[in-house]
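The values are calculated or read from the model by the stated rules, or taken from the named source; none is laboratory data. In this text, all values refer to a predicted model and were calculated from it rather than measured experimentally. With ideal geometry, Cβ positions are generated from the backbone for all residues, glycine too; neighbour counts draw on all protein chains shown. The accessibility values were calculated without ligands, DNA or RNA, using every heavy atom of the protein model including side chains. Shrake-Rupley method; radii C 1.70, N 1.55, O 1.52, S 1.80 Å.
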Amino acid sequence: KKTELELMLGLSELAEKWVVSDLKNQCDQYFIQNISLTNVVKIGTLAELYDNEALKDKVMKFMVKNFQALEDENILEQLPKSIFIQFTSSVIKDLS
């Protein structure tokens, strides 16, 4: 049985493929409201795959806010390389 997140990921892929903007927006809102340590990699991967800047921004903010937990759980290493680079760049900018 698929989880709610897996169903929403599939729905989002269909919305992208068939260019159904309202459905895509609803999926994005679901991801933004439900982002967690257990799904940040999947949501970040989806945002990267479809070059979804708004969703990537939310992923980055979540990651900055939850950096220590992400590090403790070894989640950062699971991120797509481009998201990890973008994340580290944003952290460095914030520090300077």
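Just to confirm the filter: which GluC sites (Glu not before Pro) across the chain are DSSP coil and have at most 14 other Cβ within 10 angstrom of their Cβ?
Loop-located and lightly packed - E73.
Taking θ as phi - 60°, what are the ³J(HN,Hα) couplings along segment 68-79 by the Karplus curve (6.51, -1.76, 1.60), each to the nearest whole Hz, with x for Gly and Pro?
Going residue by residue, I get 4, 5, 4, 5, 4, 8, 6, 7, 4, 5, 8, 5 Hz, with x marking Gly and Pro.
Can you tell me what the convex hull of the Cα atoms of segment 46-96 projects to on average, as an area in nm²?
Reported value for the Cα convex hull: 3.4 nm².
How far apart, in nm, are two points set 7 Å out from the Cα along the Cα-to-Cβ line at E16 and at T88?
The two pseudo-label positions are separated by 2.4 nm.
Taking only the alpha carbons of the chain, what extent do you get along each of the three principal axes, in Å, biggest first?
41, 28, 21
Starting from the Cα of K61, draw a straight line to each of the aspartates and glutamates and keep only those under 14 Å, dropping any in the same chain fewer than 8 residues away.
Straight-distance partners of K61: E53, D94.
Per residue, how many Å² of accessible area does the chain show with a 1.4 Å probe?
66
Hey, what D do you get for segment 17-64 in µm²/s if you plug the Kirkwood alpha-carbon radius into Stokes-Einstein at 25 °C and 0.890 mPa s?
Rounded, D is 227 µm²/s.
Within the chain, which is the longest segment containing none of the trypsin sites (Lys or Arg not before Pro) that sit in a DSSP loop and have at most 13 other Cβ atoms within 10 Å?
Segment 3-96 is the longest.
Filter the chymotrypsin sites (Phe, Trp or Tyr not before Pro) in segment 48-96 down to the DSSP loop ones having no more than 10 other Cβ atoms within 10 Å, then list what survives.
none
Relative to the longest principal axis of the chain, what angle (0 to 90°, nearest 10) does the C-alpha long axis of helix 53-65 take?
40
So which of K1/K42; K42/K81; K24/K93; K56/K81 end up more than 22 Å apart, counting from Cα to Cα?
Correct reply: K24/K93.
Hey, rough spin-label estimate for K81 and Q33, points 7 angstrom out along Cα→Cβ, what's it come to in nanometres?
Inter-label distance under the simple model: 3.6 nm.
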